[in-house]
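As structure tokens, the structure follows; a few thoughts come after it.
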Amino acid sequence: MSKHEITVTVNGERKTRSVESRLLLVHFIREDLSLTGTHIGCDTTSCGACTVSLDGEPVKSCTVFAVQADGATVDTIEGMAVGGKLHPLQEGFWEKHGLQCGFCTPGMLISARALLAKNPSPSEDEIRHGISGNLCRCTGYNKIVEAIQYAADKLRGDAKGA
Amino acid sequence: MIPAPFDYHAPTTLDEALALLGKLGDTAKILAGGQSLIPAMRFRLAAPEALIDLGRIPELAHLEERGDDLVIGALAREHALEISPLVAKSYPMLLDAAKVIADPLVRNKATVGGNLAHADPANDHPAVMLAYGAKVVVRGPSGSRTIAIDDLFTGLFETSLAPGEILTEIRIPKPKPHSGGAYLKIERKVGDYAVAAVAVQLELAGETIAHVRIGLTNVSPIPARAKAAEAALTGQPASDAVLEAAGKAAANECNPSADLRGQVDYKRDLVRILVKRAVRVAITRAQGGRP
Amino acid sequence: MATTHLEDRKEHHSPKPAGSSATVETTHEPRITTPVKVCGMGHRMKRKEDPRFIQGGGKYVDDVKLPNMVYMDIVRSPYAHAKILKIDASEALAMPGVIAVITGEDLKKAGNLHWMPTLMSDTQMVLPIEKVAYYAQEVCVVVATERYIAADAIEKVQVDYEPLEAVVDPFKALEDKVIVRDDKEKKTNKIWHWEAGDKDATDAVFAAAATVVEEKIYIPRIHVASIETCGMVANYDKIRSHMQIYMTSQAPHAHRTVFALVSGLPEHMIQIISPDIGGGFGGKVPVYPGYVCCAVASLVLGRPVKWIEDRSENLQADSFARDYWIEAQLAADKDGKITGLRVKTLSDCGAADAAANPSKFPAGLYSICTGSYDMKAAHVTVDGVYTNKPPGGVAYRCSFRVTEAVHMIERMVDIMAHQLGEDPADFRLKNFIRPDQFPYKSPTGWDYDSGNYKAALDKAMMMIDYRALREEQREKRARGVLMGIGISSFTEVVGAGPSKDYDILGIKMFDSAEIRIHPTGKAMARFGTKSQGQGHETTYAQILAEELGLPAADIQVEEGDTDTAPYGLGTYASRSTPTAGAAAAMAARKIKAKAKKIAAYLLEVGEDDLEWNVDSFQVKGSPDKKKTIQELAFAAYTNHPQGMEAGLEATDYYDPPNLTFPFGSYICVVDLDTGTGEIKIRRFVAVDDCGHIINPMIVEGQIEGGLTMGLAPAMYEEIVYDENGQNLTGTFADYLLPTAVESPKWELGKTITPSPHHPLGAKGVGESPTVGAPPAIANAIVDALWHLGVRHLDIPITPQKVWRALRAAGVTE
């Protein structure tokens, strides 16, 4: 069984730790770094509660080994609000009641941010497919879709104004 | 939920990877996207002593046309296929498949090479590559060789790769003019494996189907072509009667198992229907339409 | 143990519940009486709890990290029924980092802790000694310094089993050939028999009926699968003799009392903290063996022990819901007026009767099954039986079996309508209980508080343009294109419940609110319920804002810590608004009564000279002479009348006089693919009536979420066992939860028919959609196929089931 020293830039900060090869990235984030906003909801890569941004792409961190992230950047929900200012998606989820128990929410937000970065004007169908890797049991998804549409409008409006 | 311990290796060149594989033999598994392997390891269905991660080898992730082929590096992610204008324009069947593999998050890590090398008849790329008549390039201790897709899948989760060989590239021949293809998949929900799926790539000569290859997903233990269906279509116009005969032939020649996704008769009938529908879409595309 | 519901209800029912009136008016828009800055009822207030959730600051049980904490994992049975010959944990114990292994023998020695009582007064194994009785049952537990080591260690525990024949089919279980519970004196799998209604009157009605339809309906076992699984951190401090427990609990006080009774630890030295919970839906009400083992491990080791179940464990071993085999008959007269209902049901309870029902109701509130329809007589019988499967029965947003009851009656009504050639909407309108019949005494003894079923169905029909859809269906049918329209007009029953009838293990089902207003006019309110996403931090604040005029933003709501919250029975079965919401109003009114005295004193008038206006007491006729609630709060500490106690606080324990009866009408339109059998939900309109609305946005969220949780069992979810009792759907790979793609764009409407007995006129809503949606969807699919000879399809209705029905009718592509 081997141990490796890895350095991962997490929410902009470099973190160096010694980890077992088999340590899942989600456990590295939650336990080694005490960033508990990323959650675990299943064991078959099905639910997406563990979604984080790895080198800019949203991935299910339960299906990546921490050693694979050596040298990479990882962005979690804790880094989404910048300087105390909520991201338009976080605003949107709050405005539109896009969450209830909150357990799937960090993963949804990370997925949605990547979706809007690639597709700033998604159709409703594109939004639903875009978040199809994230399961929610509370909301029935309608208000999550509305929250993402709110954020898309805001981001496009801000971009125009800039 | 927690994998068994293993040694982790992250070579930065293909030669390094091959050397490691040669040394470690069957105690090691190749880690590509990990989206099939890691779940299996979490349930300890797979417990390799070592993993050789190909993810740091830069020359394995290309996606471009070279000569007569679309060349896809083994580590090209499914997502790359989804966003490629080239794939959308000239290889729509490949895009059809990319869009229905697992879910968008898994597609950011899952690789084309891994999808084929795993040789799971439930995976989507095997049928698509069979329909394209693709080739794979593998590299071993004694150099590179090419394997025709028809010779790649030899058993359940088994390929014709020799010990010590790594699949490095997939080559899809550029479709000829008046060609079209389609991949239609029935799934219980987004993210699931196929109840049944059909890949059809054909070439028209006027009103008749000059050439056709059909791949089937998850209706046999080994990814397979529907050769009797192909024969029923070749040289024929795409009339309702011809399509029905092809569909029936495919339904009869496949070998589905009963499971939670469906009973055998249901899966066979899906194959019959999907063959007909996929042929129709392929023809529309061959005639320049965008269905 | 036989229970006759009929006798209980005869004894306890008064003819008219307190506070009821002959007619209650139906309105269509939420009532708002406070300005935005106060944000009382009816306002779409943004949730106060959201800031922490949207920034990753929620604190769930697995986020709890205590110094010196260790981890527990569980060895589980690979057999549904097997003798345990030997447990050899020596190899596991020898592993570095493994601290302890606890077996059934260890629990027995520790004071007969190897068995525990269930909420239905049955018993359930915590850890087995002689045998296991279901697949994935807990066999023994391992405690290690790290989670990963615990996971390795459970693989090293050797258990020798002698497999026994398993009984999986509940009808076979009735034959008593394979006995599940040989720990019991009577060697039988039959648990209880329960009846409601009047058999003789029902038999008479059926004998005289012009039409009788009958159908067998199976509602399969499903699992609630909240995204957060169950777990606990138990922290026993040996020096203080104090047990602190973080637990995924929907009912922390009840759990504390149960722990005290089972463990012998004094209740005042147990603290249960239910922090943020990632979804409950009933799955976090039962006491699971894992919890008990975790607490015992901490007790023995004197350090914090964490146990978080994997998803597979959650799906395979935790409490399920449904699993009802129903035979129903519906009778009507020559005019198509329903006259009677007869239902016989077999309840597959698994290896213990551990459903979280109120104790006198082994079949929950199932006898609500005459639904929204006026009829002369009904007779309902249910038999509970043991099988080699996990115990449980009501853990999935079901209002204690109302999902089963409504599915049955809505399917039967639809079958009857179709059989008679009547339009299903018109048939329902003809048979609805009329508004002037409320409060309505049902043939099984329920006192419905208020309802206006016609208004809800009319509205749903208008929203979906129902008549045009029927026209479209006629035209399409002629061309062989299949579409279906399904209706579900449900009556729900929630808010358990009045102390005369309702208790859980003897504890009455009141609920509580404790309010303290501080000198500077801000407030703290604590409740005996426990939100798992329902938004209580916002809705309770809005109720108090409504009553007291204090801005909701100035009211801090807390739940879940048994050391500080008043005793309550928790949140499930849509009971919070009916019970604790009422307690909030009643406690607020006590505060207002005291504030009025202070106002009279300060303004130097009599109390009768004062009137309340949003947030102040003002002198009648001189509105500028007033005192705001904030001024009165300050005065309560600085300038109250002599002889009056200082402070401005109150507690209320509310014993509801009746349950409440939310209702609604849902209409679903489906299009079928005649080739593949695939079902596309084209539209789904849901009109709900939950009485007066606290926060319309939160109500919408509850409904939309519940609709998706109704869609799921209608078309996707089912727990499947093979003939040996092995769970075949034990992960999310095969237990199928809908994604945003499968879940349609729900369209919502509302009517508002207040509850006459609830202090706020509110009824509760969380489960209405899971109750109403599955039959609407099932009815739509069968409606599409009726002309082909299809009478009924059991849920989940999959494309394969549709395909089979089509091919049997000679329809193909």
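The values are calculated or read from the model by the stated rules, or taken from the named source; none is laboratory data. Source: prediction; values computed, not measured. Ideal geometry is used to build each Cβ from the backbone, glycine not excepted, and the neighbour counts take in all protein chains shown.
Candidates are the residues of segment C:198-243 that are among the basic types (Lys, Arg) and in contact with a strand residue (DSSP E or B) (Cβ under 8 Å, 6 or more places away or on another chain); the one that is farthest from the other protein chains (Cβ to nearest Cβ) is C:199. Take the conditions within 22 Å of residue C:251 (Cα to Cα), buried (at least 24 other Cβ atoms within 10 Å of the Cβ) and without any contact (Cβ under 8 Å) to a residue 60 or more places away in the chain and apply them to residue C:364. Does it pass? Against the criterion (within 22 Å of residue C:251 (Cα to Cα), buried (at least 24 other Cβ atoms within 10 Å of the Cβ) and without any contact (Cβ under 8 Å) to a residue 60 or more places away in the chain), residue C:364 qualifies. Every listed requirement among (1) buried (at least 18 other Cβ atoms within 10 Å of the Cβ); (2) part of a loop (DSSP other than H, G, I, E, B) is met by residue C:176 save one, (1). Pairs, please: C-beta under 8 Å, at least 6 apart or cross-chain, first residue more than 9 Å from chain A (Cβ to nearest Cβ) and in segment C:699-715, second of a type in the set (Asp, Glu)? Sorted first by the residue in segment C:699-715, then by its partner, the pairs are C:699/C:688; C:715/C:742. Within the set C:490, C:510, C:527, the sole residue that is touching a residue at least 60 places away in the same chain (Cβ under 8 Å), under 20 Å from residue C:274 (Cα atoms) and of a type in the set (Phe, Trp, Tyr) turns out to be C:510. Restricted to segment C:741-764, and to residues that are out of contact with any Lys or Arg (no Cβ under 7 Å at 6 or more places or on another chain) and within 13 Å of chain A (Cβ to nearest Cβ), which residue is farthest from residue A:133 (Cα to Cα)? Per the stated criteria, the residue is C:748.
For segment C:442-459, the condition holds for at least one residue, the condition being that it is surrounded by fewer than 22 Cβ atoms within 10 Å (Cβ to Cβ) and farther than 20 Å from residue C:24 by Cα. Filtering segment B:1-18 to residues that are more than 11 Å from chain A (Cβ to nearest Cβ) and surrounded by 15 or more Cβ atoms within 10 Å (Cβ to Cβ) leaves B:11, B:14, B:16, B:17, B:18.
Please indicate, with yes or no, whether at least one residue in segment B:154-174 is in contact with a helix residue (DSSP H, G or I) (Cβ under 9 Å, 6 or more places away or on another chain), over 27 Å from residue B:83 (Cβ atoms) and loosely packed, with under 15 Cβ neighbours inside 10 Å. Yes, the conditions are met somewhere in segment B:154-174.
Here's a check for you: in segment B:21-42, which residue that is within 14 Å of chain A (Cβ to nearest Cβ) and surrounded by fewer than 17 Cβ atoms within 10 Å (Cβ to Cβ) is farthest from residue A:25 (Cα to Cα)? Per the stated criteria, the residue is B:27.
Please indicate, with yes or no, whether at least one residue in segment A:112-132 is buried (at least 22 other Cβ atoms within 10 Å of the Cβ), within 9 Å of chain C (Cβ to nearest Cβ) and within 25 Å of residue C:249 (Cβ to Cβ). There is no residue in segment A:112-132 that is buried (at least 22 other Cβ atoms within 10 Å of the Cβ), within 9 Å of chain C (Cβ to nearest Cβ) and within 25 Å of residue C:249 (Cβ to Cβ). I'm checking my understanding of the structure. Among residues of segment C:461-491 that are loosely packed, with under 15 Cβ neighbours inside 10 Å and of a type in the set (A, V, I, L, M, F, W, C), which one is farthest from residue C:714 (Cα to Cα)? Looking at the filtered set, the residue picked out is C:478.
Count of segment C:613-651 residues, restricted to those that are among the aromatic types (Phe, Trp, Tyr) and either within 13 Å of residue C:518 (Cβ to Cβ) or surrounded by fewer than 11 Cβ atoms within 10 Å (Cβ to Cβ) (or both), is 2. Answer with yes or no whether residue B:48 is surrounded by 20 or more Cβ atoms within 10 Å (Cβ to Cβ) and assigned to a loop (DSSP other than H, G, I, E, B). Yes: the conditions hold for residue B:48. Restricted to segment A:26-36, and to residues there that are of a type outside the set (Gly, Ala, Ser) and facing another protein chain (nearest Cβ under 10 Å), the residue that is farthest from residue C:65 (Cα to Cα) is A:27.
Checking each residue in segment C:611-631 for being of a type in the set (Ser, Thr, Tyr) and touching a residue at least 12 places away in the same chain (Cβ under 8 Å) picks out C:616, C:628. When C:138, C:105 are checked against the criterion of being charged (D, E, K, R), in contact with a Pro (Cβ under 8 Å, 6 or more places away or on another chain) and under 20 Å from residue C:182 (Cβ atoms), a single residue qualifies: C:138.
Here is the figure for segment C:60-112: residues that are part of a loop (DSSP other than H, G, I, E, B) and either of a type outside the set (A, V, I, L, M, F, W, C) or modelled with pLDDT of 95 or more (or both) total 20. Elements of the type strands (runs of 3 or more DSSP E) sitting completely within segment B:67-150 and holding at least 2 residues that are in contact with a Gly (Cβ under 9 Å, 6 or more places away or on another chain) and either modelled with pLDDT of 95 or more or within 14 Å of chain A (Cβ to nearest Cβ) (or both): these cover B:69-73, B:135-140.
Residues in segment C:717-740 that are β-branched (Val, Ile, Thr) and within 14 Å of chain A (Cβ to nearest Cβ): C:729, C:731, C:739. Scanning segment C:495-515 for residues being small (Gly, Ala, Ser) and in contact with a Lys or Arg (Cβ under 7 Å, 6 or more places away or on another chain) gives a total of 3. If you go through segment B:4-21 one residue at a time, do you hit one that is outside the structural domain of residue B:196 (by TED's automatic domain parsing), among the hydroxyl-bearing types (Ser, Thr, Tyr) and within 25 Å of residue B:197 (Cβ to Cβ)? No, because not a single residue in segment B:4-21 is outside the structural domain of residue B:196 (by TED's automatic domain parsing), among the hydroxyl-bearing types (Ser, Thr, Tyr) and within 25 Å of residue B:197 (Cβ to Cβ). When you scan segment A:42-52, do you find a residue that is β-branched (Val, Ile, Thr) and out of contact with any strand residue (DSSP E or B) (no Cβ under 8 Å at 6 or more places or on another chain), even just one? Looking through segment A:42-52, at least one residue is β-branched (Val, Ile, Thr) and out of contact with any strand residue (DSSP E or B) (no Cβ under 8 Å at 6 or more places or on another chain). Looking only at residues of segment C:252-286 that are touching a helix residue (DSSP H, G or I) at 6+ places or on another chain (Cβ under 6 Å) and of a type outside the set (D, E, K, R), we find that the one that is surrounded by the fewest Cβ atoms within 10 Å (Cβ to Cβ) is C:260.
Counting only residues that are within 14 Å of chain A (Cβ to nearest Cβ) and either in a loop (DSSP other than H, G, I, E, B) or within 16 Å of residue A:25 (Cα to Cα) (or both), segment B:52-66 holds 4 of them. Among residues of segment C:650-695 being assigned to a strand (DSSP E or B) and within 14 Å of chain B (Cβ to nearest Cβ), the one that is nearest to residue C:445 (Cα to Cα) is C:681.
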